There are 2 protein chains.
Amino acid sequence: MFRIEPLSRQPVYEQIVEQTETLVLTGSLKAGDQMPSVRSLAVTLSINPNTIQKAYIELDRRGIIQAAPGKGNFISPAAYDLLCQTKRSQLDAFDTLVRELLLAGIEKEELCGRLDTLAATSLKGECDV
Amino acid sequence: MFRIEPLSRQPVYEQIVEQTETLVLTGSLKAGDQMPSVRSLAVTLSINPNTIQKAYIELDRRGIIQAAPGKGNFISPAAYDLLCQTKRSQLDAFDTLVRELLLAGIEKEELCGRLDTLAATSLKGECDV
DNA sequence: TTAACTGTATTATCACGAATAGTACACCTA
DNA sequence: TAGGTGTACTATTCGTGATAATACAGTTAA
């Protein structure tokens, strides 16, 4: 379910947060789905339970999951819409990257071509905002 | 010349490296241009000379600058071409980002529109590879 | 020649945050 | 009741970015 790279600069707990969000966006995780328990995921990924907890706390803070003490952590009903909204505010990252690639002499046409290919591949629904 | 954000997760020395590379790509720094001296830049940016040196060592390692002991650090003749080549290998970052934005329900057309705008704005030459 | 600049090298130390370790408590359910 | 769940807390380790303080060597111009 998760793929952790311990050598990455990005903290492990953040990798879990981001991958969870991606799983929600791709539809692999839907509202109401139960997350792996703190302890079980710690065993699976061979990392400390506290690290998992830290990731879950952050996901809860963002409204992506909801904790039910004694039962488990579950994907929040609003998770998907929340993420759509968040991603929309990250369009400037797209701008920055494109600007740099253009500066490096990469043709606009090449980027457009890739965009088309990706759009055709990722056959996903819309975000009803 | 440089804009350092001390609170960023990105190390200061890396900020200097990346900004230098961007300046080369934009044409603000050309082959043969002299970089600020380690000590002077340290004073200007109010950071430790060792941090500047670390950035310069990395730039030298990448072939972007060349050191002339006793004289200074200078933009390497191959700097621009090197960066064009490097950026080209970062197209998968573009793919990853686009994929996520598409998943978040952002229309392909919107991204294309932004791409057009950016291409029109950044009126730069090509990279003769 | 001297002074003042340049890059380079070395060692020690500090500061911050990620990650670990260990323990404890409360809740839910079969 | 037993064993799962989330939660809280403290202490410690560890890596690394950044600082501090020197020292040495090459270049340049007064």
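The values are calculated or read from the model by the stated rules, or taken from the named source; none is laboratory data. Just so we're clear, the structure is a prediction, and the values are computed from it rather than from any experiment. Positions of Cβ are generated from backbone atoms using ideal geometry, with glycine treated the same way; all protein chains shown enter the neighbour counts.
Tabulated data
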read-out: Test: B:ILE4 is touching a residue at least 24 places away in the same chain (Cβ under 8 Å) and more than 25 Å from B:ALA78 (Cα to Cα); value: yes
read-out: Residue among A:ALA78, A:ALA104 that is away from DNA strand C (no atom under 16 Å from the Cβ) and touching a Lys or Arg at 6+ places or on another chain (Cβ under 9 Å); value: A:ALA104
read-out: Scan of segment B:27-67 for residues that are among the β-branched types (Val, Ile, Thr) and surrounded by 16 or more Cβ atoms within 10 Å (Cβ to Cβ), ordered by number; value: B:VAL38, B:ILE47, B:THR51, B:ILE52, B:ILE64, B:ILE65
read-out: Among (1) more than 9 Å from DNA strand C (Cβ to nearest atom); (2) among the aliphatic types (A, V, I, L, M); (3) more than 14 Å from chain A (Cβ to nearest Cβ) - the single one B:LEU97 does not satisfy; value: (3)
read-out: Unique match (being more than 14 Å from chain A (Cβ to nearest Cβ), modelled with pLDDT of 95 or more, within 16 Å of the chain's Cα centre (by Cα) and farther than 24 Å from B:LYS87 by Cβ) among B:ILE57, B:ILE52; value: B:ILE52
read-out: Lone unmet requirement of (1) touching a residue at least 40 places away in the same chain (Cβ under 8 Å); (2) among the β-branched types (Val, Ile, Thr); (3) more than 14 Å from every other protein chain (Cβ to nearest Cβ) for A:VAL38; value: (1)
read-out: Unique match (being within 11 Å of DNA strand C (Cβ to nearest atom), basic (Lys, Arg) and touching a residue at least 12 places away in the same chain (Cβ under 8 Å)) among A:LYS71, A:LYS54; value: A:LYS54
read-out: Options A:THR86, A:THR44: the member that is at the interface with another protein chain (Cβ under 10 Å from one of its Cβ atoms) and β-branched (Val, Ile, Thr); value: A:THR86
read-out: Residue ranges of helices (runs of 4 or more DSSP H) in segment B:39-125 with at least 3 members within 16 Å of DNA strand D (Cβ to nearest atom) and more than 30 Å from A:ARG88 (Cβ to Cβ); value: B:49-61
read-out: Flag for A:THR86 being more than 16 Å from DNA strand C (Cβ to nearest atom) and either aromatic (Phe, Trp, Tyr) or touching a Ser or Thr at 6+ places or on another chain (Cβ under 9 Å) (or both); value: no
read-out: Residue in segment B:68-82 that is at the interface with chain A (Cβ under 9 Å from one of its Cβ atoms) and crowded, with 16+ Cβ neighbours inside 10 Å present; value: no
